[in-house]
Amino acid sequence: MSLKAKINLLPTEPGCYLMKNDKDEVIYVGKAKNLKNRVKSYFTGAHNEKTTRLVLEINDFNYVLTNSEQESLILENNLIKQYTPKYNIRLVDDKTYPYIELTKEKYPKLQVVRKKKPEGRIFGPYPNVYAARETARLLNRLYPLRKCDTMPKKVCLYYHIGQCLGPCQFDVDYKDDINEIVRFLKGDTKEVLNKLKTEMDKASSQMFYEKAIEYRDMIRHIESTTEKQIININDFKDRDAISFAYNEDDISIQILKMRSGKIVDHDQIVFAYVGDYMDSVLSYLQQYYEEHMPDELLFSDRFNTDELTLMFGSKTVMPQKGDKKKIVDLASKNADYDLEHHYMLYRHKQEKTQIAIDDLSQMIGIEVKTIEIFDNAQLFGTAPISALVVYKDQAFDKKGYRKYHLKTTTNDDYQAMREVVYRRYQRLLVEGKPMPDLILVDGGKGQLNAATEILKELNLEIKVAGLKKNKKHQLEALVYEGNVYPLLRNSEVYQLLLSISEEVHRFAISFHRKTRDKVTQQSILDHIKGIGPKRKQTILQTFKSLDEIKDASDEKLKEIGLTDEIIEALREVIQ
């Protein structure tokens, strides 16, 4: 499925996206309020140099849905720290979003911290650092907690202005204040916000507009700081949140991985099943957690508790409310979306591919499962190579790809085909390995006859067909046993053969380019026995040209470490 088609099926909800290269490595993590619009923007319009380089490397992408933009911002930070993608520069260090900490002391302090594991009771994290600091400042004004880092010997200015109860001199009970602060930071901000709104309206009516703006900003900071998010849970435990969705054909499983209290990764899979869907889900999870399990496994209520407890014991948790329930609900949301779009993304593609295979099998007269295709390349007789691509069970089998340096010709395409077909299938015969159902030749009638000739010599009965191109080198027909089968551009078999042809061409050109570059870097000295890399470097540093080497005396050549035998061999080559 092309990136364009995959982008068109993206949701318009908030979340994080992970761009991957052709090695399936995460090279960039981003967040979006609207996933579809954001990802689509990378492939439209002009970009700066860095973004252009990123887009050129993108081979695929993945995504995780969140409930809000705030959650996507925090998840983005967690994912960047997990994968350290090369195109994410600013956030790959050890910095993290701040928390508001209520210290565990007899006389506690309220402060903003960035510690990985704060020692007190913490709330957050807060992507808006300024809002977090302003909220902590407001709470310290409203509640007379201790402000000093170390306990002074006498009351300070904060006591005299009513912002501290003076625990340095008096026995103070902060229990009620702490309870109110905890309720506030957990989201119960109604009382404080109502008070601030009243003060804002009062200041505005009295035309104290600067004061009213100050109250307005306080309200905004509080709303930003206390917005509920479930990407992080501040207990620093490792847990997975697991859910699934299914229909009559497929199962979608979503696992959100929370490490040290933060969602840092996810695993998703959609697969076809046979029999009972729950048996398939449990079988998959049993294998998935066979070697390692986190501290907790959070399951959605789509599971049966008894079955889970038998498999995972005390680590099984099926939350009914709170943040943990919201996390498994988020896993369910992602599983539902994956299943809903799986048909459009993959199953439909599989069905079209099967139609193409069936049509091709009908043309050839046998059931085709494995196809091998050759392509030759050379440039004016230099660096002649051949490449083999294997298409097996409706996918490219890259482990089966082979590269050949041609030995019997430099610019004869027919001889090149004879050589590579002989080398390939003579070796399969010797090793007793299975033969393909069909060999495709990316060339004309001459290459097709050359391949058929060699197969007869090897007493092999393998079907061989040719891909006929037009004058613009565009695929137009399949040639088989003297028959020409025109291919309609919108047909499934045309798309299949075109993809196979393009893949072998890409593979051959890439191999040829590397071979050609290596040849151009070679020197005549590489073919002289006794001259290795060090002696070659010494000769090239001493003499500017072959003429200088030719005119050099034996004594001069001996001065740079050459023996009589090497000098004699050198003279024979360069004369």
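Past 30 Å, Cα to Cα, is the threshold; run Lys4/Lys31; Lys392/Lys514; Lys315/Lys399; Lys202/Lys324 against it and keep the listed order.
On the way: Lys4/Lys31 19 Å; Lys392/Lys514 27 Å; Lys315/Lys399 40 Å; Lys202/Lys324 41 Å.
In this structure, Lys315/Lys399; Lys202/Lys324 lie more than 30 Å apart at Cα.
Extension gain Lys403-Asp173, at 0.36 nm per residue separation less the Cα-Cα distance, in nm? Intermediate values should be presented prior to the final figure.
Working: separation 230, 0.36 × 230 = 82.80 nm, distance 7.93 nm.
Taking Lys403 through Asp173 to full extension adds about 74.9 nm, to one decimal.
Kindly work out what percent of the DSSP beta bridges joining two residues of the chain are antiparallel, to the nearest 5. Write out the running numbers ahead of the final one.
On the way: 61 of 75 bridges.
DSSP beta bridges in the chain are roughly 80 percent antiparallel.
Straight-line reach from Lys472: which lysines have a Cα under 21 Å away, not including same-chain ones fewer than 8 places off?
Lys445
Check cross-link reach from Lys104 to the aspartates and glutamates: straight Cα distance under 20 Å, and skip same-chain residues fewer than eight apart.
Output for Lys104: Glu119, Asp149, Asp171, Asp173, Asp176, Asp177, Glu180, Asp235.
Just check region 408-456 against the gyration tensor rule for me: Cα atoms, a ≥ b ≥ c as the square roots of the eigenvalues, rounded for a/c under 1.5, and otherwise prolate or oblate depending on whether a/b exceeds b/c. Mind showing how you got there, number by number?
Values: a/c = 2.54, a/b = 1.53, b/c = 1.67.
Note, shape of region 408-456 comes out oblate.
So what is the relative contact order of the chain, in percent, for Cα pairs below 8 Å that sit 6 or more residues apart? Mind dumping the intermediate values first?
On the way: 860 pairs, mean separation 44.1, N = 575.
Relative contact order for the chain comes out at 8 percent.
Which label marks the calculated value of semi-axes √(5λ) of the Cα gyration tensor in Å, given the options [x] 66, 36, 22; [y] 47, 27, 23; [z] 41, 34, 20?
It is the one labelled [x].
In percent, how large is the relative contact order of region 370-520, given Cα pairs closer than 8 Å and 6 or more residues apart? Can you show the working numbers first?
Values: 243 pairs, mean separation 37.2, N = 151.
With pairs under 8 Å counted, the relative contact order is 25 percent.
Taking just the alpha carbons, could you work out the radius of gyration and Dmax for region 370-520, both in angstroms?
Final numbers for Rg and Dmax: 14.8, 43 Å.
Can you pull out the chymotrypsin sites (Phe, Trp or Tyr not before Pro) in region 166-209 whose DSSP state is coil and whose Cβ has at most 11 other Cβ atoms within 10 Å?
Details: sites: Phe170, Tyr174, Phe184, Phe208, Tyr209; in loops: Phe170, Tyr174, Phe208.
Sparse-neighbourhood loop chymotrypsin sites (Phe, Trp or Tyr not before Pro): Phe170.
Over region 239-342, what relative contact order in percent results from Cα pairs under 8 Å that are six or more residues apart?
On the way: 160 pairs, mean separation 37.6, N = 104.
Dividing the mean separation by the residue count of region 239-342 yields 36 percent.
Multiplying the sequence separation of Leu9 and Cys156 by 0.36 nm and subtracting their Cα-Cα distance, what value in nm do you get? Show your work: numbers first, answer last.
Values: separation 147, 0.36 × 147 = 52.92 nm, distance 6.21 nm.
Result for the pair: 46.7 nm of gain on full extension.
Of all beta bridges DSSP finds with both residues in region 370-520, what is the antiparallel percent, to the nearest 5? Mind showing how you got there, number by number?
Working: 23 of 31 bridges.
Roughly 75 percent of the DSSP beta bridges within region 370-520 come out antiparallel.
As a quick test, which of the pairs Lys369/Lys471; Lys147/Lys237; Lys407/Lys468; Lys36/Lys86; Lys237/Lys326 have an alpha carbon distance above 19 angstrom in this structure? Numbers along the way, then the final one.
On the way: Lys369/Lys471 31 Å; Lys147/Lys237 31 Å; Lys407/Lys468 27 Å; Lys36/Lys86 23 Å; Lys237/Lys326 16 Å.
Over 19 Å Cα-Cα: Lys369/Lys471; Lys147/Lys237; Lys407/Lys468; Lys36/Lys86.
Name the lysines eligible as straight-distance cross-link partners of Lys550: C-alpha to C-alpha under 16 Å, and not fewer than 8 places from it in the same chain.
List returned: Lys536, Lys558.
What is the dipole size for region 427-575, taken about its Cα centre, with +1 at each Lys and Arg Cβ and -1 at each Asp and Glu Cβ, in debye to the nearest 20?
Rounded to the nearest 20 debye, it is 560 debye.
Just so you know, all these numbers are worked out from the coordinates, no wet-lab data involved. What you are looking at is a predicted structure, and each value in this text was computed from that prediction instead of being measured. A quick note on method: Cβ atoms are made from the backbone with ideal geometry, for glycine too, and the neighbour counts reach across all protein chains shown.
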